[in-house]
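Taking it in order: structure first as structure tokens, then the write-up.
The values are calculated or read from the model by the stated rules, or taken from the named source; none is laboratory data. Only a predicted model underlies this, so the values are computations on that prediction, with no experimental measurement involved. Positions of Cβ are backbone-derived with ideal geometry, glycine not excepted, and every protein chain shown enters the neighbour counts. The accessibility values were calculated without ligands, DNA or RNA, using every heavy atom of the protein model including side chains. Shrake-Rupley method; radii C 1.70, N 1.55, O 1.52, S 1.80 Å.
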Amino acid sequence: MIIKWKPEFSCYDRTIDEQHKKMIDMINEMYELSLYDDHIDRYDSIVEIFSSLTDYAIYHFGHEEKLFKEHDYDSFNTKVQIHEHKSFINKVATMSLYDLDENQNKTISAMLNFLSQWLEHHILVIDKRFGEFLKEKYEK
Ligand SMILES: [Fe+2]
């Protein structure tokens, strides 16, 4: 396991939390495949999960952006979020192109490091802020 769900990851919204958990599972699935040392080439399977994860992230961003509108999230934080979503999409688009056949191990470990660090930051810093906002707004 390269990234583990912790209670502090909760953004106080069940759907967002479920989607984050699913993304964590996909990253861990890629990681588990990368650990096999039985000379079977798993690169294609890893890249396949990576591409499903990218698609899922785009769907997840859409869900979050819909909620920002619905709950009237302030425009500054909405802009920060949308910027964060766009830069992730750009980054994974370039990532899936480089070193496709050479240096597979290096590429996979760079992908996994990026994804796990990115997700942790996305959840704990960016989405958490929205979660706190929801909590404050609806708990009063
Ligand atoms: Fe998120």
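A few points about this structure:
- Within straight-line cross-link reach of K6, lysines at Cα separation under 22 Å, skipping those fewer than 8 residues along the same chain: K21, K22, K128, K135
- For segment 102-140 versus segment 1-72, the gap between their alpha-carbon centres in whole angstrom: 9
- Considering only M1, F61, V80, the residue lying farthest towards the positive end of the dipole of the chain is V80, judged by Cα position with unit charges set on Cβ.
- Its relative contact order, with pairs defined as Cα atoms under 8 Å and 6+ residues apart, puts the chain at 39 percent.
- Between N113 and K135, residue separation times 0.36 nm minus the direct Cα-Cα distance comes to 4.8 nm.
- Solvent-accessible surface of the chain, averaged per residue with a 1.4 angstrom probe and all protein chains in place: 60 square angstrom.
- Estimated translational D of the chain in µm²/s (Stokes, Kirkwood radius over Cα pairs; 37 °C; 0.692 mPa s): 205
- Carbon/sulfur fraction of accessible area - segment 20-139, other protein chains in place, 1.4 Å, %: 52
- Segment N90..E48, full-extension length gain: 13.3 nm, with 0.36 nm per residue of separation and the alpha-carbon distance subtracted.
- Lys, Arg +1 and Asp, Glu -1 on Cβ, resulting dipole of segment 20-139 about Cα centre, debye, nearest 20: 560
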